[in-house]
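The values are calculated or read from the model by the stated rules, or taken from the named source; none is laboratory data. Since this is a predicted model, take the numbers as computed values, not measurements. Cβ sites come from the backbone with ideal geometry, for glycine too, and all protein chains shown count toward neighbours.
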Amino acid sequence: MIKVVFFAALREQLDCSELSLSSEGIATIADLKAQLANKNEQWQQVFANGALLSAVNHDMVTSEQPIKSGDEVAFFPPVTGG
Amino acid sequence: MMTENTYPEISIQTADFSLADEVALLEQDNAIDGAVVTFTGRVRNKNEGKDVTSLTLEHYPGMTEKSLAKIICQAKERWRLGRVKVIHRVGELFIGDQIVFVGVTSKHRQDAFAANEFIMDYLKVQAPFWKKENTNQGEHWLDAKSSDEHKAAKW
């Protein structure tokens with residue numbers, strides 16, 4: 001299983017903060033994004049945003065990053081702290 | 001299991017902090033560093049023409065600490081630093097409230113000035129914090145500024 005978490009505006013748009021899904025057929029962040037976008041129109045729209053950032057196990061990564069079962073993947077908008 | 005002391009140089013907290021106390025900790029039993037540079041970020045009353053009433057700060061527990069620890073390590077690779085402390089508040093903050101503190105000591109001022117600015121510039125673009133602004137015209141999530149990306153890229 002892959003744990004997926006969402007933050008800030010993204011969490012609100014999806015009305016979801018966390019979910020788990022099978023790692024079957026998912027090799028990279030791009031694969032996971034495509035699968036999530038497939039859920040419905042709303043999710044498709046949200047994941048079409050090219051500015052979204054992603055992290056695997058608390059490290060920022062690109063779409064090509066390989067992922068595997070047991071990983072924690074996060075999607076979130078560009079950060080605005082400080 | 002992550003304990004409170006996993007990252008002694010980093011604190012993510014809802015509570016306020018005291019600049020005087022933080023400076024005292026940076027200076028205590030520290031005779032070798034002649035320079036102490038601190039930065040404090042506060043909530044402004046106006047942003048992009050709107051009257052701000054408060055901010056709500058969200059973060060990604062775990063990743064926040066890890067990303068700040070990485071930024072501090074990078075700063076230590078580049079400059080000769082003594083002590084470093086980074087505090088970032090989360091939750092609801094009001095006008096004039098302190099949001100962020102970066103304190104750095106070194107033997108001489110150049111290293112402390114540069115490292116402090118470097119840590120702030122990188123925190124702005126890499127640490128997973130998000131601000132929701134509550135204004136007289138409603139609430140909204142702040143957009144990241146490209147000027148912040150440029151500042152971090154110049155290092």
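Out of everything in the range B:106-124 that is outside any helix (DSSP H, G or I) and of a type outside the set (Lys, Arg), what residue ends up being farthest from B:LYS70 (Cα to Cα)?
The qualifying residue farthest from B:LYS70 (Cα to Cα) is B:HIS108.
Would you say B:ASN30 is without any contact (Cβ under 8 Å) to a residue 60 or more places away in the chain and not aliphatic (A, V, I, L, M)?
no
Select the strands (runs of 3 or more DSSP E) contained entirely in the range A:13-82, then report the ones holding at least 3 residues which are free of Cβ contacts under 8 Å to residues at least 60 places away in the same chain and within 14 Å of another protein chain (Cβ to nearest Cβ).
Here the list reads A:53-56, A:59-61.
Out of B:SER106, B:SER54, B:SER67, I need the residue that is within 14 Å of another protein chain (Cβ to nearest Cβ) and either among the small types (Gly, Ala, Ser) or farther than 25 Å from A:ASN57 by Cα (or both). Which one?
B:SER67
Specify which of the listed residues (A:LYS33, A:LYS39) is of a type in the set (D, E, K, R) and at pLDDT below 95.
Answer to the selection: A:LYS39.
Give me a count of the residues in the range B:79-105 that are surrounded by fewer than 16 Cβ atoms within 10 Å (Cβ to Cβ) and either without any contact (Cβ under 8 Å) to a residue 60 or more places away in the chain or assigned to a loop (DSSP other than H, G, I, E, B) (or both).
6
Scan the range B:9-45 for residues that are modelled with pLDDT of 95 or more and either within 20 Å of B:LEU123 (Cβ to Cβ) or surrounded by 14 or more Cβ atoms within 10 Å (Cβ to Cβ) (or both) and report the count.
Number satisfying all stated conditions: 25.
Filter the range B:124-155 for residues that are out of contact with any helix residue (DSSP H, G or I) (no Cβ under 6 Å at 6 or more places or on another chain), within 9 Å of chain A (Cβ to nearest Cβ) and crowded, with 20+ Cβ neighbours inside 10 Å and give the result.
Those that are out of contact with any helix residue (DSSP H, G or I) (no Cβ under 6 Å at 6 or more places or on another chain), within 9 Å of chain A (Cβ to nearest Cβ) and crowded, with 20+ Cβ neighbours inside 10 Å: B:PHE129, B:LYS131.
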